[in-house]
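Rule-based calculations on the coordinates, nothing more; no lab input. Model, not experiment: these values are computed from the prediction. With ideal geometry, Cβ positions are generated from the backbone for all residues, glycine too; neighbour counts draw on all protein chains shown.
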Amino acid sequence: MPPHGELGARIYYAGRAGVRHYGEGSEYSIGVLTQGPQGEWARRGTPVLRGWPGRPSVLEPLVIPVDSGYRMWFLATPHEVGPGEQPDFELHVSDSADGLRWEPPRRFSTAAEGWFDNAVHPAPHGWEMILARGTNLHGTRPYPGQGLWVTRCATPSPDRAAWSPPERVLDTDAPGTPSWMAREVCGPSVVPLADGRRLVFLTGTHDVGSWRHAARRRWATARRLAVPSPYFLTTGAVTVPASSSVMRRKPSAP
């Protein structure tokens with residue numbers, strides 16, 4: 001988050017509040033780093049946003065500057081999804097004058113919609129929001145349809161009714177989806193291009209099965225073994241053409 005008004009740059013992040021990474025009992029809160037006048041960074045000692053009964057875990061903060069200060073969209077959930085579980089995701093939104101003290105949040109999207117995180121950016125005719133439903137980290141089947149969706153609005157409104165119906169622009173459940181994103185995507189970040197296209201960086205989950213399976217594949221091709229992990233993530237990019245809703249995938253960097 002770049003400097004805004006008289007306030008310095010910020011980095012908002014989600015931090016784990018307990019020992020569990022996912023599954024029942026896992027809990028996250030949202031914190032902030034602030035930049036001082038000499039460029040130094042300081043971590044605020046307490047979270048700026050915590051969950052509440054029923055949804056004690058909050059994460060995936062997306063903060064933009066607005067006339068009144070700052071606006072944050074974030075994920076609220078009972079806990080991070082564990083193996084065999086179905087997601088229970090809601091997006092909420094809150095405003096703040098100083099980026100440190102936030103108003104009581106209000107729900108932006110329901111668990112039935114299942115949005116995990118989002119990106120909001122100015123567009124030629126207003127604002128766009130790109131929405132993701134998260135990734136299927138544990139390979140659970142069945143699982144809700146995944147990919148990316150786009151919705152538009154005249155302003156970066158906190159009111160869901162002001163935004164257009166979401167349009168699916170990337171279907172990661174479709175045949176031929178590359179392995180690096182075949183267990184879905186999350187964390188979109190948008191770079192508008194001069195010709196009207198949008199370059200969307202995102203995180204994909206590899207569809208490689210277990211670590212032993214991945215190790216056998218890499219050993220067979222004389223590649224260094226992967227670090228043991230319950231899942232494998234990759235940063236990649238896709239483009240949204242200026243006059244088309246079909247995304248073109250770009251090679252990733254595994």
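Couple of notes before you dig in:
- Fraction in percent of alpha-carbon pairs per bin - 10 Å, the chain: 7, 28, 35, 23, 7, 1
- For ARG197, residues with placed amide H under 5 Å, excluding near neighbours: ALA242
- Shape box of the range 137-185 [Cα atoms, principal axes, largest first, Å]: 36, 19, 14
- Radius of gyration and Dmax over the Cα atoms of the range 37-120, both given in Å: 14.2, 48
- Residue order, fewest to most beta carbons within 10 Å, for GLU6, GLU27: GLU6, GLU27
- The range 81-98 - phi-based ³J(HN,Hα) in whole Hz, Karplus 6.51/-1.76/1.60, Gly and Pro as x: 5, x, x, x, 8, 9, x, 9, 10, 10, 8, 10, 9, 8, 10, 8, 6, 10
- By other beta-carbon atoms within 10 Å, ranking TRP219, TRP149, TRP73 with the fewest at the front produces TRP219, TRP149, TRP73.
- In the chain, helical runs assigned H by DSSP with n ≥ 4 each contribute -39500 (n - 2.57); averaged across all residues and rounded to the nearest 500, the mean residue ellipticity at 222 nm is -1000 deg cm²/dmol.
- Averaging Cα coordinates gives a centre for the range 170-213 and one for the range 86-158; these two points are 17 Å apart.
- Across the range 140-199, the relative contact order, built from alpha-carbon pairs under 8 Å that are at least six residues apart, equals 30 percent.
- Contact order relative to length of the range 1-115, as percent, for alpha carbon pairs under 8 angstrom and 6 or more apart: 20
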